[in-house]
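The values are calculated or read from the model by the stated rules, or taken from the named source; none is laboratory data. Note that the coordinates shown come from a computational prediction; the quantities given were computed from them, not determined experimentally. Cβ atoms come from the backbone with ideal geometry, glycine included; neighbour counts cover every protein chain shown.
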Amino acid sequence: MPEASPHLSLPKAPPPKTPTKVKVHKSPPKKTKAKKIPTVITTPTPISTATPTPTATATPVFTATPDKSLKVPAPTPTPKPVQHGAVKGQLPQVTTIPNPVWGDKVIFRVMSSSTAKAHIVIYDRFFNKVDELEGEGDQLFDILWSLQKIPQGIYYYQSQIDDTQAGTSKTLPMQNFAVMKDEAPNE
């Protein structure tokens with residue numbers, strides 16, 4: 001008994017048919033008149049005109065010349081960044097040292113052009129008043145704030161500087177600082 005083959009057997013393709021010759025009758029070509037197709041050329045208002053510039057490559061390069069009859073709106077000016085905190089050259093200033101705070105105290109450094117009184121109000125992240133500090137000095141002085149009972153977080157402060165010589169007062173923009181109670185990073 002012959003062994004069974006795992007392959008399927010496909011039916012054989014029929015033999016190819018022999019081509020039969022077909023007679024083709026050639027007729028003389030017909031003469032037709034060429035019909036003119038109407039063309040419509042629309043030219044949009046140019047924003048700029050282009051002039052070809054000769055180059056060494058086969059690809060034409062065009063140089064754009066602006067059309068002076070079109071009114072193009074002026075670009076929107078770039079907004080100036082808002083300065084937060086101390087800006088060099090503008091007095092009075094109040095900064096925190098260090099920021100973020102690692103430890104049990106923060107220093108509020110006050111810089112003014114002459115003798116001044118500083119009044120600093122400190123707020124927590126919900127803008128609840130936490131403390132008020134006052135200090136007085138000549139041009140550059142520090143006000144210390146103890147953080148022993150203060151929890152970790154983000155705090156804001158508003159400073160009012162009274163120039164005692166000129167008799168003027170300036171309220172500075174609100175600034176922020178972070179209090180960290182975990183270990184200080186190793187450097």
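Overview of results
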read-out: Output for the range 143-167, where each listed residue is more than 15 Å from residue 92 (Cβ to Cβ) and either polar (S, T, N, Q) or surrounded by 15 or more Cβ atoms within 10 Å (Cβ to Cβ) (or both); value: 145, 146, 147, 148, 150, 152, 155, 156
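Conditions tested, residue by residue: (1) within 35 Å of the chain's Cα centre (by Cα); (2) buried (at least 17 other Cβ atoms within 10 Å of the Cβ).
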{"position": "97", "(1), (2)": "yes, no"}
{"position": "124", "(1), (2)": "yes, no"}
{"position": "127", "(1), (2)": "yes, no"}
{"position": "131", "(1), (2)": "no, no"}
{"position": "136", "(1), (2)": "no, no"}
{"position": "141", "(1), (2)": "no, no"}
{"position": "172", "(1), (2)": "yes, yes"}
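Residue-by-condition table, conditions (1) of a type outside the set (Ser, Thr, Tyr); (2) touching a Lys or Arg at 6+ places or on another chain (Cβ under 9 Å); (3) at pLDDT 90 or above:
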| residue | (1), (2), (3) |
| --- | --- |
| 98 | yes, no, no |
| 104 | yes, no, no |
| 109 | yes, no, yes |
| 131 | yes, no, yes |
| 136 | yes, yes, yes |
